[in-house]
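The values are calculated or read from the model by the stated rules, or taken from the named source; none is laboratory data. Just so it is clear, the model here is predicted, and its values are computed rather than measured. No Cβ is skipped: glycine too gets one built from the backbone with ideal geometry, and neighbour counts run over all protein chains shown. Remember, those area values only see protein heavy atoms, side chains included, never the ligands or the DNA or RNA. Shrake-Rupley method; radii C 1.70, N 1.55, O 1.52, S 1.80 Å.
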Amino acid sequence: MKKITLLVPCYNEEAVVGKFYDRVTGILNDIHQYEFEILFVNDGSKDGTLALMKTLRAKDIRVSYLDLSRNFGKEIAMIAGIDHINSDAMIVMDADLQDPPELIPEMIYWWEKGYKDVCAKRKSRAGETWLKKWTSHMYYKVLQQVSSIPIQPDVGDFRLLDAQCINAIKLIRESQRYTKGIFSWIGFEKKEILFDRDARVAGVTKWNYFKLMNLAIEGLTSFTIVPLRIASLLGCVLSLVSILYMCLVIFKTLMWGDTVAGYPSLISVVLFIGGIQLLFLGIMGEYIGRIFNETKCRPLYFINEYNNTTVKK
Ligand code: UDP
Ligand code: MG
């Protein structure tokens, strides 16, 4: 019998873990051809999330849990879970039921048809402000333009991945992870199915604009060096224009003598070049920061407990 693991990263989700379990098992109980595992990753929650996971584990052997040593963020929580998956497929889901488990049978259907990555594409996004929708739309447009691999718009982490994809992702050990990009980067045949994204059933979102902006920069800098390329190109163009202008100034001075006029143009050029230089220093800093973080080669996460056993090493 093929085994499918549902991977559920959780951070302070005590309000929804029970509801999640009830609704998901409602669906899973009707699918008899597969063996299921629900793997909860407790990403350093400060509320009763872990205790809830333990109760569920005690009453249902299909439930596993992984307790990380602190809050590492969803991206790391996901790879921690993936490292502990030994199944024929996995489905990544949020604990807040924004990803409807009713889609699971359809995902399995397409997986059995041979697709290695069945991703759920949002038709609509309930419970999100127009500003969030608009910024997200614009961001994907830009990202699409500058990155060499196609990044799927309106597709989140909710997807079914075949064991081949799982094994590929296990090999990618970068610490500043942009998992959405990694899913695209590994390749394999993808199938998009459409769904309406619900609003979170309870609890609050862990994202704020600052975190989202960081994730956005992460996405840009981890999959493309186009910003650096732009810096080089713009530098070339500006230098060329400067040389031409210099020639013009020298010529004018030789022909008509020295004049001191031109303060406004001078100051605007100086400020403009200064601004551009700072901007691109910042962009270079982003990449240097990434190099710094990756060269430390630290383990991605530490595990406190895995299914009732304390992890010592
Ligand atoms: N999450 C996590 N670690 C974090 C933040 C979030 O494991 O540091 C989990 C969270 O518990 C949820 C999923 O990631 O299952 C998505 O988070 P959330 O619903 O807050 O994000 P949104 O749906 O608003 O983008
Ligand atoms: Mg959510």
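Taken over region 143-182, residues that are open to solvent by 60 Å² or more (accessible area, probe 1.4 Å) and in contact (Cβ under 8 Å) with a residue 12 or more places away in the chain amount to 4. Scanning region 206-217 for residues that are within 14 Å of ligand 1 (Cβ to nearest atom) and either crowded, with 17+ Cβ neighbours inside 10 Å or of a type outside the set (F, W, Y) (or both) yields K206, N208, K211, L212, M213, N214, L215, A216. Residues that are under 17 Å from L39 (Cα atoms), in contact with a strand residue (DSSP E or B) (Cβ under 8 Å, 6 or more places away or on another chain) and not charged (D, E, K, R) are absent from region 107-116 altogether. The set of residues in region 109-134 that are open to solvent by 10 Å² or more (accessible area, probe 1.4 Å) and aliphatic (A, V, I, L, M) comprises A126, L131.
Exactly one residue out of W207, W256 is under 17 Å from the mean Cα position of the chain (by Cα) and either under 25 Å from D43 (Cα atoms) or not small (G, A, S) (or both), and it is W207. Kindly establish whether T205 is more than 17 Å from V92 (Cβ to Cβ), β-branched (V, I, T) and more than 16 Å from ligand 2 (Cβ to nearest atom). Judged against the criteria, T205 is not a match. Strands (runs of 3 or more DSSP E) fully within region 22-104 that include at least 3 residues being within 21 Å of N304 (Cα to Cα): 35-42, 63-68.
Quick grid of which residues meet (1) farther than 30 Å from E14 by Cβ; (2) out of contact with any strand residue (DSSP E or B) (no Cβ under 8 Å at 6 or more places or on another chain):
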| residue | (1), (2) |
| --- | --- |
| A120 | no, no |
| Y140 | yes, yes |
| Q144 | yes, yes |
| G156 | no, no |
| Q164 | yes, yes |
| I169 | no, no |
| G181 | yes, yes |
| D196 | no, no |
| T205 | no, yes |
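For region 146-205, the tally of residues that are within 16 Å of ligand 1 (Cβ to nearest atom) and basic (K, R) stands at 5.
Of everything in region 42-81 that's more than 10 Å from ligand 1 (Cβ to nearest atom) and of a type in the set (S, T, N, Q), which residue is nearest to K312 (Cα to Cα)? Looking at residues that are more than 10 Å from ligand 1 (Cβ to nearest atom) and of a type in the set (S, T, N, Q), I get S69.
Are any residues in region 233-261 open to solvent by 70 Å² or more (accessible area, probe 1.4 Å) and among the small types (G, A, S), and if so, which ones? Selection gives A261 alone.
Checking each residue in region 270-296 for being surrounded by fewer than 13 Cβ atoms within 10 Å (Cβ to Cβ) and in contact (Cβ under 8 Å) with a residue 60 or more places away in the chain picks out only K296.
Figure legend. Inter-residue proximity from region 6-21: first residues touching a residue at least 40 places away in the same chain (Cβ under 8 Å), second residues in a helix (DSSP H, G or I) and among the basic types (K, R), beta-carbon distance below 9 Å, spacing 6+ or different chains. Indicated pairs: P9/K74; Y11/K74. Pairs linking a residue in region 90-103 that is within 9 Å of ligand 1 (Cβ to nearest atom) to a residue that is open to solvent by 10 Å² or more (accessible area, probe 1.4 Å) and outside any loop (DSSP other than H, G, I, E, B), with Cβ atoms under 7 Å and 6 or more positions apart or on different chains, are Q98/R197. Selection of first residues in region 23-41 that are over 15 Å from M1 (Cα atoms) and of second residues that are within 16 Å of ligand 1 (Cβ to nearest atom) and open to solvent by 30 Å² or more (accessible area, probe 1.4 Å), restricted to Cβ pairs under 8 Å at least 6 apart or on distinct chains, gives the following pairs, ordered by first then second residue: L39/H84.
Okay, residues lined up against (1) modelled with pLDDT of 85 or more; (2) out of contact with any Asp or Glu (no Cβ under 8 Å at 6 or more places or on another chain); (3) at positive phi:
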{"site": "A58", "(1), (2), (3)": "yes, yes, no"}
{"site": "E102", "(1), (2), (3)": "yes, yes, no"}
{"site": "A126", "(1), (2), (3)": "no, no, no"}
{"site": "Y139", "(1), (2), (3)": "no, yes, no"}
{"site": "V146", "(1), (2), (3)": "no, yes, no"}
{"site": "P150", "(1), (2), (3)": "no, yes, no"}
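State which residue is nearest to Q277 (Cα to Cα) when the search covers only region 213-252 and only residues that are of a type in the set (S, T, Y) and in contact (Cβ under 8 Å) with a residue 60 or more places away in the chain. By that ranking, first place goes to T221.
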